[in-house]
Amino acid sequence: MKLRVVFLLPSLGGGGSERVFMNLCKYFNKDKFEVTLCLLKKEGEFLPQIEEDPTISIHDLKVSRVRYSIYPIIKFIRKEQPDIVLSTLGHLNAMLSAVSFLIPRNVKVIGRESNIVSKSNHNRISILFYKMFYKNFDKIIVQSDDMEIDLKNLVRNLKENQVVKINNPVDLKHIQSLKHSTSILLPQDKINLISVGSLTYQKGYDLLFKSFAKFEDKEKYHISIIGKGKLKNELIGLLKILNIEKHVSLLGFQDNPYKYISQSSIFISSSRFEGFPNVVLESLICDVPVIANNYKGGINEIINKPIFGQIIDIENSELLERTCNKILSKDHSKDKISEEVNQRYGITSIVSRYEDLILNM
């Protein structure tokens, strides 16, 4: 008899957690699991990729905000009686943990944390929910050692083995099938630096721009940023103030960022913090080395060999420029980077760990 698993999240917007859940839904063994994707609102950039998969059921709760979702979620769970509910994104998890007493006892609930909680943009009520109720989850999944340490410092009285570390997966075949393009997407006469992420404080693009503005040899570089977000106008204003508009392109959200990444020389991860940066893995799968800011959130677990790139203080302009030159001077043989990353974070092995966790609960 198949186990019934519900993946719960607000939408299928173009973020890292949404991509992880999309891949888990697609790759779970359908001979063992009956998979349902429950969305607070059926929308988002990744939705078409799920809708075309007949093995996945999609349920739309038709609510616009997490605060309005309590009754619809509980009603759905009580009606469907799944074996497992797997939820992600901090604000949704915090709420779900607080109302877990309304969920039937035979339903196991797993919270997948997606970020460094202490540094995320949580209000005081949300943090209070973490402290008081997060221990109500049957299991909590984190992606890095930094996440686990941070969570355990915040949430007291967690049970032994309640927190489980499972890294995010990366889908080598899917990414490599999309990374090639017959079009020239980035300036040919420049060394192309690229980053992918939402235009938010967390991603640290302001730090990158301020550091790049001090480069001695700016003319040979071009920076492309793929992503959308509420700080777009602020960042455009900053580019004008720094007088580097001609060196930076804000490309917005792209359905296929991999063809841009693969035409780049270096990926820049300028974040202030992360949970576990999926896009760094995806860049490495495209055989593009990474320069990452020295942030908490698993980056030191990923970039632990020179072949993958280097972790530095992004705000140190001289060091950033020197590191770019150092990486560009190396001969990065194609397929070597992606091969090693796939061995560690390939979709098949990571999905198996999720399945084993569920089967042993």
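The values are calculated or read from the model by the stated rules, or taken from the named source; none is laboratory data. It should be emphasised that the depicted structure is a prediction, and the values quoted were computed from it without experimental measurement. Neighbour counts are summed over all protein chains in view; Cβ atoms, including those assigned to glycine, are modelled from backbone coordinates with ideal geometry. Side chains are part of the model used for accessible areas, which takes the heavy atoms of the whole protein and leaves out ligands, DNA and RNA. Shrake-Rupley method; radii C 1.70, N 1.55, O 1.52, S 1.80 Å.
Summary of values
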item	result
Principal semi-axes in Å for the chain [√(5λ), Cα gyration tensor, largest first]	36, 22, 19
Debye, to nearest 20: dipole size of the chain, +1 on Lys, Arg Cβ, -1 on Asp, Glu Cβ	1140
Amide H contacts under 5 Å for residue 275, placed H, 5+ residues apart	116
Solvent exposure ordering (accessible area, 1.4 Å, most first) of 18, 51	51, 18
Charge dipole (the stretch 1-126, unit charges on Cβ, about Cα centre) - positive-most of 28, 91, 64	91
Rounded Å value of the spacing that divides the Cα centres of the stretch 273-346 and the stretch 95-120	32
Solvent exposure, largest accessible area first (probe 1.4 Å, DNA, RNA and ligands not counted), of 31, 287	31, 287
Net +/- balance of residues flanking residue 103 in space, Cβ distance below 13 Å, scoring K and R +1, D and E -1	+2
Computed lengthening from residue 51 to residue 123, 0.36 nm per intervening residue step minus Cα-Cα distance	22.5 nm
Accessible area, probe 1.4 Å, largest first, for residues 221, 68, 27	68, 27, 221
Dipole axis of the stretch 273-337 (+1 Lys, Arg; -1 Asp, Glu on Cβ), positive-most option in 319, 308, 280	308
Estimated [θ] at 222 nm from DSSP helical runs (n ≥ 4, -39500 (n - 2.57)) normalised by residues in the chain, nearest 500	-10500 deg cm²/dmol
Ranked packing of 233-241, 246-254, 262-270, most packed first, by mean Cβ within 10 Å	262-270, 246-254, 233-241
Extended-chain gain in nm, criterion 0.36 nm per residue less alpha-carbon gap, residue 301 and residue 70	79.5 nm
Spacing of the two label points (7 Å from each Cα toward its C-beta) at residue 331 and residue 233, in nm	5.1
Antiparallel content of DSSP bridges confined to the chain, in %, to 5	0
Per-residue SASA entry for residue 99, accessible area with 1.4 Å probe, Å² rounded to 10	20
Lys, Arg +1 and Asp, Glu -1 on Cβ, resulting dipole of the stretch 201-332 about Cα centre, debye, nearest 20	240
Residue-count net charge about residue 59 - beta-carbon cut-off 14 Å; Lys, Arg +1, Asp, Glu -1	+2
Net charge, residue 306 excluded, C-beta distance under 11 Å - Lys, Arg +1, Asp, Glu -1	+3
Relative contact order (%) - criterion: Cα under 8 Å, at least six apart; region: the stretch 38-136	25
Nearest-10 value in Å² for the accessible area of residue 200, using the 1.4 Å probe	40
Protection-proxy order for peptides 75-82, 309-316, each taking the mean of Cβ atoms within 10 Å per residue, highest first	309-316, 75-82
Length added when fully stretched, residue 177-residue 189, from 0.36 nm per residue minus Cα-Cα	1.7 nm
Accessible surface of residue 6 - all protein chains present, 1.4 Å probe, nearest 10 Å²	10
Relative contact order computed over the stretch 215-278 (Cα-Cα under 8 Å; 6+ residues apart), in percent	37
Amide proton proximity set for residue 158, modelled H, under 5 Å, gap of 5+	none
For residue 309, residues with placed amide H under 5 Å, excluding near neighbours	290
